[in-house]
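Right, one structure below, let's go through it.
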Amino acid sequence: MIKGIITSLMFVDSIQESRDFYCRLFNIEPFEEDKLFCSFKFANTYFNLHLADEKSPKSRGGTVVYLHVEDIDVFIDNAKLLDMKIYRGPLIVEEIGRTICQLEDPFGNIIGIEG
């Protein structure tokens, strides 16, 4: 039986640059880190950065993780101040009563937000 999603893994070109960026975006410090890896923890979920390689290259699109945020408009405004761009949305999903949006970080990675 699946209990839920516990970890998201994003492959990046630079751990340090990505780490610094996501510290500013999330306004938290990493839960764990080393030169090849960086992990942020939100409640019981981990958002991990890992150095891209030939088996797991950095990619754009494909599977997108959606982070649940308190105020999607405030999050988007803050993300834009950090040079993120709206990739898709915002889109109101009436069936669940929420708004979703995909954002592109300055390094070409895509994350989703939902609020």
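The values are calculated or read from the model by the stated rules, or taken from the named source; none is laboratory data. What you see is a predicted model; the values in this text were computed from it and never measured. Reconstructed Cβ throughout: ideal geometry from the backbone, glycine too, with neighbour counts over all protein chains shown. What goes into the accessible areas is simple: the full protein's heavy atoms, side chains included, and nothing from ligands, DNA or RNA. Shrake-Rupley method; radii C 1.70, N 1.55, O 1.52, S 1.80 Å.
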Cα coordinate range in segment 1-70, projected on the principal axes (Å, largest first): 32, 27, 20
Kindly state, as a whole number, the per residue volume in cubic angstrom of the convex hull around the alpha carbon atoms of segment 15-115. 110 Å³
Among the lysines, select those whose C-alpha is under 27 Å from the C-alpha of LYS3, and discard any that sit fewer than 8 residues away in the same chain. LYS41
If you take every DSSP beta bridge fully contained in the chain, what fraction is antiparallel? Give it as a percent rounded to 5. 70 percent
Between ASN78 and CYS23, what length comes free when the chain is fully extended (0.36 nm per residue of separation minus the Cα-Cα distance, one decimal in nm)? 18.5 nm
Highest GNM mean-square fluctuation among GLY97, GLY61, GLY89, for the chain with Cα springs under 10 Å, belongs to GLY97
Carbon plus sulfur, as percent of the 1.4 Å-probe accessible area of segment 4-101, comes to 50 percent
Where Lys and Arg each count +1 and Asp and Glu each count -1, what net charge lies around PHE31 among other residues with Cβ under 13 Å from its Cβ? -2
Counting only other residues whose beta carbon sits under 11 Å from that of PRO90, what net charge do I get with K and R as +1, D and E as -1? 0
